[in-house]
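I have placed the structure first, in the form of structure tokens, so that the comments after it can refer back to it.
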Amino acid sequence: MGQIELKQVTKSFGDVQVIPPLDLTIEDGEFTVFVGPSGCGKSTLLRLIAGLEDITTGHIAIDGTDATGLVPAKRGLAMVFQSYALYPHMSVRKNIAFPLRMAKMDKAEIDKRVAAAAEVLNLGDYIDRRPGQLSGGQRQRVAIGRAIVREPAAFLFDEPLSNLDAALRVGMRMEIMELHKKLDTTMIYVTHDQVEAMTMADKIVVLQAGNIEQVGSPLELYQHPRNKFVAGFIGSPRMNLIEGPEAAKHDATTIGIRPEHTRLSTTEGTWQGTVGVAEHLGSDTFLHIHGIPGCDPFTVRTGGEVALSHGDTAFLTPDPDKMHRFDAQGLRIA
Amino acid sequence: MATKASRSAARLMMAPAVVLLMAWMLVPLSMTVWFSFRKYLPLRGGDLGFAGFENYGRFVSSSSFWPAVSTTLIIVGSVLVITVVLGVLLALLLDQPFWGQGVVRILIIAPFFVMPTVSALVWKNMFMDPTNGLFAHLWRLFGADPVAWLSEASTGSVVLIIAWRWLPFATLILLTAIQSLDSEQLEAAEMDGAGPLQRFGHIILPHLGRAITIVILIQTIFLLSIFAEIFVTTGGAFGTRTLTYLIFQRVLESQNVGLGSAGGVYAIILANIVALFLMRIVGKNLDA
């Protein structure tokens with residue numbers, strides 16, 4: 001069980017309100033990702049749920065019971081920190097057993113649960129080493145192990161992969177998703193990386209300056225961004241946002257066209273521009289086109305083999321069905 | 001320091017400093033050893049030739065030797081316990097955010113800047129004096145008989161004076177250590193269900209292990225040679241004669257340089273034994 005409900009939650013540090021009144025429900029067993037640029041309040045929100053910060057006004061309920069004033073330990077949540085926060089003077093085994101020892105569990109039960117966690121996370125080879133002797137990925141696993149032995153109502157992850165190198169990050173991402181399927185427990189995951197959000201989440205919560213911009217499944221956010229901010233934030237490379245007369249032709253203040261929804265041609269098209277820098281990924285190429293009215297540079301995604309080089313003339317045609325239109329307030333026009 | 005040339009240049013550059021430091025250490029040490037084998041009575045005939053191991057024998061067989069050793073160990077041990085325990089508590093307190101933190105931190109350090117002689121005189125005359133001291137006034141206020149601290153509770157009083165001076169030192173080092181503790185570790189422990197006392201015992205105290213080791217090592221070195229506080233307050237009477245003070249008395253009050261030097265050699269041996277024990281007990285904290 002692990003349904004978490006926030007009602008009119010606010011948080012202020014002194015006179016500065018970092019979280020304006022906010023409502024959010026996270027269903028049991030859901031993998032929810034809080035995503036937003038740095039400083040958007042996503043970590044603060046997680047810490048409010050964890051109980052590491054007091055909320056200024058509002059209510060938090062876990063599984064239907066009010067948890068607003070409850071100390072962190074009583075909320076039944078487990079957290080994995082960005083720095084892993086392993087206890088450096090304890091072996092891996094003792095680190096994982098620590099929450100159980102604090103709960104005054106008997107020795108046999110502790111051993112059983114630690115062994116089970118070690119099994120799930122493949123910690124067997126270094127269970128008696130200290131955190132200082134482990135690599136980043138191994139430390140990450142230990143931190144997760146320390147969280148799962150408690151059998152919490154929900155897991156909270158605070159940018160857990162940001163200290164790992166790119167290859168390891170992809171691997172750990174898969175492991176965390178695998179773990180979610182295995183345990184079927186609510187997980188809340190904070191990240192600034194929209195790729196992590198898109199790949200892992202059942203539900204994404206996009207935050208900006210403490211406000212929830214949009215809540216929805218990854219594809220909903222990709223296909224129907226509620227406003228300009230979400231449109232620009234979700235998707236890689238970023239959506240091209242065009243303002244001015246070109247947008248007015250479509251009865252909008254701003255139109256958005258994703259790089260992958262644009263057709264590139266050397267002979268004809270809606271817009272004409274000059275090819276700038278090309279990013280070759282092998283499977284795809286991202287071309288930056290200069291000279292498109294209202295948007296500079298315009299990014300277009302095309303296949304791995306491109307005949308165009310720097311300085312050439314190119315023509316672009318947007319896919320009219322997949323164009324996004326936004327009004328003067330930046331909201332989507334349906 | 002990669003090439004042969006730079007290595008030999010480095011050696012050449014360091015040589016003057018090394019030679020000076022060696023001389024600084026070795027000359028007094030060898031003079032002490034040399035005098036310890038001589039019968040040297042400056043006011044009673046001067047240097048009277050070799051004495052063999054007579055000085056060593058006499059120093060140990062004197063009835064004041066073992067009491068002096070035990071007094072030394074008691075004073076050093078009590079001061080260490082007081083400064084480390086109170087130092088940890090004070091450091092925890094000073095780590096909390098409160099108004100005027102900066103000023104309080106500077107004030108806390110202040111006693112360490114007071115010279116030992118001055119602090120001992122202040123304690124002796126202003127606080128512990130049986131007729132005019134503040135303690136005497138306080139005792140009389142409650143109708144009790146004033147205590148003659150330095151004669152009736154002499155060792156305790158000396159320990160108090162020394163601990164007062166060294167507590168700031170311990171606090172300062174322990175405070176910097178506490179500040180270097182990653183706050184996420186404490187938060188993780190909080191999430192794991194550890195209460196304040198358990199967080200202290202399982203997270204903060206192990207984190208302070210290394211700092212406590214350093215405090216103990218440095219303080220032991222200085223406390224073994226404590227002198228001014230005893231000289232100014234009790235003059236070595238009432239069971240406060242430490243080994244250092246005994247050596248001082250042999251050399252200057254009995255005018256027996258040979259005997260005092262032998263005591264000096266014993267003091268070196270004692271210091272090394274203590275250091276060896278300390279390294280065994282706490283030194284492993286420095287590895288990890």
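Shielding value for B:178-188 is 5, the average number of Cβ atoms from other chains within 10 Å of each residue's Cβ.
Suppose R0 equals 56 Å; then what is the FRET efficiency for B:Leu21 and A:Ala108 from their Cβ-Cβ distance, rounded to the nearest 0.05? Mind dumping the intermediate values first?
Working: r = 60 Å, r/R0 = 1.07.
The calculated FRET efficiency here is 0.40.
For region A:38-145, what D do you get in µm² per second when you plug the Kirkwood radius from alpha-carbon pairs into Stokes-Einstein at 4 °C and 1.567 mPa s? Show your work: numbers first, answer last.
Values: Rh = 15.6 Å.
So the translational diffusion coefficient is about 83 µm²/s.
Note on region A:237-326: Cα-Cα pairs beyond 21 Å make up 23% of the total pair count. If you average the C-alpha positions of region B:20-42 and of region B:146-218 separately, how far apart do those two centres end up, in angstrom? So the separation of the two Cα centres works out to 39 Å.
Per-residue ellipticity at 222 nm for chain A, helices alone: DSSP H runs ≥ 4 residues times -39500 (n - 2.57), over residue total, nearest 500 deg cm²/dmol?
Numbers: 9 runs with 89 residues, N = 334.
Helix contribution divided over all residues of chain A: -8000 deg cm²/dmol.
Here is the list for region A:81-183: trypsin sites (Lys or Arg not before Pro) lying in DSSP coil, each with at most 11 other C-beta atoms within 10 angstrom of its C-beta, are A:Lys104. With an a/c value of 1.5 or above and a/b larger than b/c for the gyration tensor axes a ≥ b ≥ c computed over the alpha-carbon atoms, region B:169-219 is described as prolate. No solvent, one uniform scatterer per C-alpha: report log10 I(q)/I(0) for the protein assembly as shown via the Debye equation at q = 0.06, 0.11 1/Å, two decimals. Debye output, listed in q order: -0.58, -1.12. Against chain A, whose longest principal axis is taken from its Cα atoms, helix A:166-183 shows a tilt of about 60°. Each helix, a run of at least 4 DSSP H residues, gives -39500 (n - 2.57); summed and divided by the residues of chain B, these come to -22000 deg cm²/dmol at 222 nm. Listed by chain and number, the aspartates and glutamates whose C-alpha is less than 18 Å from the C-alpha of A:Lys104, apart from same-chain residues fewer than 8 away, are A:Glu151, B:Glu190, B:Asp192. The alpha-carbon atoms of region A:1-72 define a convex hull whose volume equals 87 cubic angstrom per residue.
Distances between every pair of Cα atoms in region B:1-158, grouped in 10 Å steps from 0 to the bin holding the largest one, split as 8, 15, 20, 23, 20, 11, 3, 1 percent.
Within 10 Å of each Cβ in B:202-208, how many Cβ atoms from other chains are there, averaged over the peptide?
Working: counts 7, 6, 0, 1, 4, 3, 0.
Mean partner-chain Cβ count within 10 Å for B:202-208: 3.
Converting the Cα gyration tensor eigenvalues of region B:194-252 into ellipsoid dimensions via √(5λ) gives semi-axes, longest first, of 39, 13, 7 Å. Computed with the Debye formula from one identical point scatterer per Cα of region A:233-281, without solvent, the log10 of I(q)/I(0) at q = 0.25 Å⁻¹ comes to -1.19.
Can you give the FRET efficiency for B:Arg280 and B:Leu89, using 1/(1 + (r/R0)^6), R0 = 30 Å, r = Cβ-Cβ distance, to the nearest 0.05?
Numbers: r = 27 Å, r/R0 = 0.90.
My answer for the efficiency is 0.65.
Summarising the strand pairing of the protein assembly as shown, around 75 percent of its internal DSSP beta bridges are antiparallel. Of the cross-linked pairs A:Lys7/A:Lys182; A:Lys181/A:Lys322; A:Lys112/A:Lys182; A:Lys42/A:Lys182; A:Lys74/A:Lys181, which ones have a Cα-Cα span greater than 21 Å in the structure shown? Checking Cα-Cα distances, A:Lys7/A:Lys182; A:Lys181/A:Lys322; A:Lys42/A:Lys182; A:Lys74/A:Lys181 exceed 21 Å.
With a/c under 1.5 counting as rounded, go ahead and sort region B:222-281 into rounded, prolate or oblate using the C-alpha gyration tensor (a ≥ b ≥ c being the square roots of the eigenvalues; past the cut-off, prolate if a/b is larger than b/c, else oblate). Show your work: numbers first, answer last.
Values: a/c = 3.08, a/b = 1.42, b/c = 2.18.
The shape class here is oblate.
Between helix A:92-102 and chain A there is an angle of about 70 degrees, using the helix long axis and the longest principal axis of the Cα atoms. Would you list, by chain and number, the aspartates and glutamates whose Cα falls below 17 Å from the Cα of A:Lys11, excluding same-chain residues fewer than 8 positions away? Answer for A:Lys11, where 17 Å is the Cα cut-off: A:Asp23, A:Glu53, A:Asp54, listed by chain and number. The label point for A:Ala328 and the one for A:Thr56, both projected 7 Å from the Cα toward the Cβ, are 3.1 nm apart. Its Cα gyration tensor gives chain A an equivalent ellipsoid; the semi-axes, largest first and in whole Å, are 44, 25, 15. Once both labels are positioned 7 Å from their Cα atoms along Cα-to-Cβ, the gap between B:Phe112 and B:Val60 label points is 3.9 nm. Of all beta bridges DSSP finds with both residues in region A:4-230, what is the antiparallel percent, to the nearest 5? Here the antiparallel bridges make up roughly 50 percent for region A:4-230. Across all directions, the average projected area of the convex hull around the alpha carbons of region B:65-240 is 12.5 nm².
Cross-link reach is defined here as a Cα-Cα straight distance under 17 Å, omitting same-chain residues fewer than 8 places apart; for A:Lys249 the aspartates and glutamates meeting it are A:Asp319, A:Asp321, A:Asp327. Counted over region A:294-334 with a bin width of 5 Å, the fraction of Cα pairs per bin, in whole percents, is 5, 12, 21, 23, 16, 10, 7, 6, 0.
Only the coordinates and a few stated rules stand behind these numbers; no lab work does. Predicted model, so just to flag it, every value in this text is computed and none were measured. With ideal geometry, Cβ positions are generated from the backbone for all residues, glycine too; neighbour counts draw on all protein chains shown.
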